[in-house]
1. Looking at the structure I just gave you, is residue 37 assigned to a loop (DSSP other than H, G, I, E, B) and either in contact (Cβ under 8 Å) with a residue 24 or more places away in the chain or surrounded by 18 or more Cβ atoms within 10 Å (Cβ to Cβ) (or both)?
2. Quickly run through the range 785-795 and pick out the residues that are crowded, with 20+ Cβ neighbours inside 10 Å and closer than 12 Å to residue 661 by Cβ.
3. Exactly one of (1) free of Cβ contacts under 8 Å to residues at least 40 places away in the same chain; (2) assigned to a strand (DSSP E or B) is unmet by residue 175. Its number?
4. Given (1) surrounded by fewer than 14 Cβ atoms within 10 Å (Cβ to Cβ); (2) under 41 Å from the mean Cα position of the chain (by Cα), where does residue 144 come up short, assuming only one miss?
5. Please enumerate the residues belonging to the range 1-28 that are assigned to a loop (DSSP other than H, G, I, E, B), open to solvent by 50 Å² or more (accessible area, probe 1.4 Å) and either of a type in the set (S, T, N, Q) or closer than 16 Å to residue 64 by Cα (or both).
6. Of all helices (runs of 4 or more DSSP H) completely enclosed by the range 257-375, which ones contain at least 1 residues that are at positive phi?
7. Go through the range 169-206 and count every residue that is surrounded by fewer than 18 Cβ atoms within 10 Å (Cβ to Cβ), within 26 Å of residue 260 (Cα to Cα) and at pLDDT 95 or above.
Amino acid sequence: MTSAEIRQSFLDFFAAHGHTIVPSSPLLPDSPGLLFTNAGMNQFVPIFLGSRKPDVSHWAGAKPGQDTRAADTQKCIRAGGKHNDLEDVGFDTYHHTLFEMLGNWSFGDYFKKDSLTWGWELLTKVWGIPPKRLFATVYSPDKAKGDPSDFDQEAHDIWADIFKKAGLDPAVHIVNGNKKDNFWMMGDTGPCGPCSEIHFNLLPEDNETEGRKLVNAGSPRCIEIWNHVFIQFNANADGTFSPLAAKHVDTGMGFERVAGIHATTNGFTDFSKDPSNYNADVFAPLFKKITELSGKAYHGTVPTKREDLSPQEKIDVAFRVLADHARCVSCAIADSILPGNDGRNYVVRRILRRGILYGQKLGLEPGFFTQLVTPVVESLGPVFPELKQLQDVVRRVIRGEEESFGRTLERGLVFYGKNISDLARTHAAKIAPGENIDYHATLATGLRLGLERASEIHSHKLLDLESAQRHLQSLRQSLRIPGSLAFVLYDTYGFPLDMTQLLTAESGLTVDAAEFEHLMDYQRAQAKAAQKKVVVVAATQGSEPIDLKPTKFLGYTQTNANALLIDIITAGNDTFMVFDQTPFYAEMGGQAGDTGTALINGEFVRISDCVKDKSGRHLHRTDSSFVAGDAAFTRGAKAELEVDVSRRRAISRHHSATHLLHWALRKVLGTHVRQAGTHKTPDRLRFDFSHFEAVTHAQLLEIEQLVNERVIENAKVQAYEIDFDKKPADTLAFFGDKYGKVVRVVDIGGYSRELCGGTHVGATGEIGLVKIVAESAIAAGTRRIEAVAGQAAIDFIAHREAALAAVSAHLSAGPADVVKKLETILAHQKELEKKLKGLEQKASAGLADELAAQATIRDGLKFVSMAVSTDSPESLRSLGAQVLAKLGEGVVVLGAAFDDKATIVAFCSPAAINAGHQAGKLVNELSMKLGGKGGGKPDFAMGGGRDVAKLAEVLRTS
């Protein structure tokens, strides 16, 4: 069977047993707490939790069966977060960042007997795996360690019957496992239950006793291929477990693992070779392309350690890394997870850059990774159609990332190599103090290139081989790469920490990760400080303790309210008032805080801002005229709070416009667009979003048109609270945001739904006109749009019209003729500049003749060294080239002053270079005399300095 046939046979088998075959869910998970979809069961969690009825036969793209039974092949990524296989990819043959999980599910339908019996039937009868090579684990709690529940007698008895019917001894083929291996929990509380794993003995001989010893022993020769989870309990907060009313089944099988074993064993018949997932034909198109690009071949070797790899081991590791990473990055981008600087987006960028580094080890230049998309589409496109549909987008995103990282990769590697060599030489002097500097340098080189260089050190330095090896090993043990070096590689050259760790591991070294994280934390703190966020330290009036309860917010429905003053806080030069309830919105989610007034005991206090502290209290910042010690402002005083309604409405217009803009961006550019930051004020909005290239002028016009069409429709804007798990399926939620059980949905016209705690207009018509004023890049893969709405938009257009009118008046043209008139003027200017340049060239040629005529002859060569007057460094260079052309063979040195800097150019003909003259050395020497520096190639160089007054004298004596 091919890999595709194995996948299809799995789905066909369960379809024949009444299962609905559902499409893979995207790698972008519904839950904002997950980095990626990392298991087949992710999309079924609402059913397991009871918040959604089983209805899988009605899902989009499903091949209907029963609603209570489902099967699929699910794309999963395990890189970053709790499940992270990234560092192992390439160094073994079974870890992947992206893999497919084949699975079948029962939602309150069949349970253990059918699940295990069908599993055995598929493996042994359909696929033909020898029954003697299979072992089953069942849950057996270790009560001494506090393991939950009881021995899974039901699963044990089912397996015992299965093995007996196969003529096998259950006592040999059933292995007990504790909570670590055989009990699944969704979280500390919630659905859970025992699981039963099927393990495959891959030893050359089918010895049952030896195979049993390797179950759960971490051996690649006996691996788990299928896990059956039986969700039958609810874990309670008090540590007890209650039976569930409806029991479920959740199974998962690694597709690449099964396909690889099938390929390695020639259809489960020959177990002499070491198993490898990469033997599966699903990787064949990628290996073929990598071979074509690199000119190297894959031999399947696997290193036993991370340093001192043989040349072939390095090649094979690189092949596996590139094949895996190309699949992962391509599928992630197709599912709208673009490379970026935060969260899951940064993980994708790390994986891509790790792939680019390994490509460099195969001699591939940046730009090669884009070519790996085609074989990914060839192997995975038939089962994941979004890859075919979006392959051009995937290529464009990868190409942009490669171009960006390619500019710094080589420089970063040079920087890394130089610093490692310097560190190694310093430590080598400590390890071998009796040896000379050359020996220390060679020892440092040996550290970087591997222990095989020990023989070279021995042969060149007349030191016995054993001592050379000992010195290298001591050097590795004593040298630790500073976190500061890793930070510079990250901050300046874009090297993720794990990429630096990968480079150092090849030399047997480690990085001080704690120091790196400390520097990262400091940088984050500096960035936060630059944002001028207020950090409030609660220093309350009086000595009585204050119960820090969240302020009740009334501002969704009212802009004035009566309240009680419960606290006054002073932090630095700022004073804040806290009330028991308030209509003032506190700055949050990018929306500016409200301003307004508070009337307390007949005294007006102006509120200049409102922010929120960690306990949820709204802190109303008072203006500078407020006196905290005034007797009128005591705890418990009654207050009348009034929000500046005009300002609030302007902010709300911009906030609702932001939601419309987000919707329009996703409609025009694609669903990969995700909010990356936002800010809403009375005057404008700023919206940062993920996208891989500049938004074209035509696209901006279309986006703006769509937004204003929705404004004119005057659709109702509704906001309501709902349980997070029951929110509408198309509601946008953002990874990293903390959502409680109950969330607030803002729904605009039924087409735009986002979780949002901000204030909004009642209908889109209240927004007024929306005008995009700017679009720019703020980071690789992140764009920014700035726009204005309502009165701010009207003011913006009025300003533009006034500017247009002024230009029209200066050009003596009507608004409709301005462009045509301006084009005529610019064309005339261009013609004049062309004529001027011709005259300047004639003048320059005349000056070149004059300078060449003044040449002196030394040793058969003509020399010109003189200060001249030109209008730019470029024209000085052009003049020097003309003079040399007229001399034929010789040396030309010219200098000119431009503002407060002297510039020098030097040219040497081939004969002059052969005679020992070099332009680079000449310019360097002369520039130093002018208080500057310069240099270049032997035939041409350029430099200068600040000491303009010395220019003529320096050139005369040159």
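The values are calculated or read from the model by the stated rules, or taken from the named source; none is laboratory data. Nothing here was measured: the structure is a model prediction, and the numbers come from that model. All Cβ positions, even for glycine, are placed from backbone atoms using ideal geometry, and neighbour counts span all protein chains on display. Remember, those area values only see protein heavy atoms, side chains included, never the ligands or the DNA or RNA. Shrake-Rupley method; radii C 1.70, N 1.55, O 1.52, S 1.80 Å.
1. Answer is yes for this residue.
2. Residues satisfying the conditions are 785, 787, 788, 789.
3. In the conditions (1) free of Cβ contacts under 8 Å to residues at least 40 places away in the same chain; (2) assigned to a strand (DSSP E or B), residue 175 misses (1) alone.
4. Looking at each condition in turn, residue 144 falls short on (2).
5. Answer for the range 1-28, where residues must be assigned to a loop (DSSP other than H, G, I, E, B), open to solvent by 50 Å² or more (accessible area, probe 1.4 Å) and either of a type in the set (S, T, N, Q) or closer than 16 Å to residue 64 by Cα (or both): 2, 16, 23.
6. 343-361
7. 2
Quick grid of which residues meet (1) farther than 14 Å from residue 225 by Cβ; (2) modelled with pLDDT of 95 or more; (3) open to solvent by less than 20 Å² (accessible area, probe 1.4 Å):
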{"position": "99", "(1), (2), (3)": "no, yes, no"}
{"position": "107", "(1), (2), (3)": "yes, yes, yes"}
{"position": "110", "(1), (2), (3)": "yes, yes, yes"}
{"position": "113", "(1), (2), (3)": "yes, yes, no"}
{"position": "118", "(1), (2), (3)": "yes, yes, no"}
{"position": "133", "(1), (2), (3)": "no, yes, yes"}
{"position": "153", "(1), (2), (3)": "yes, yes, no"}
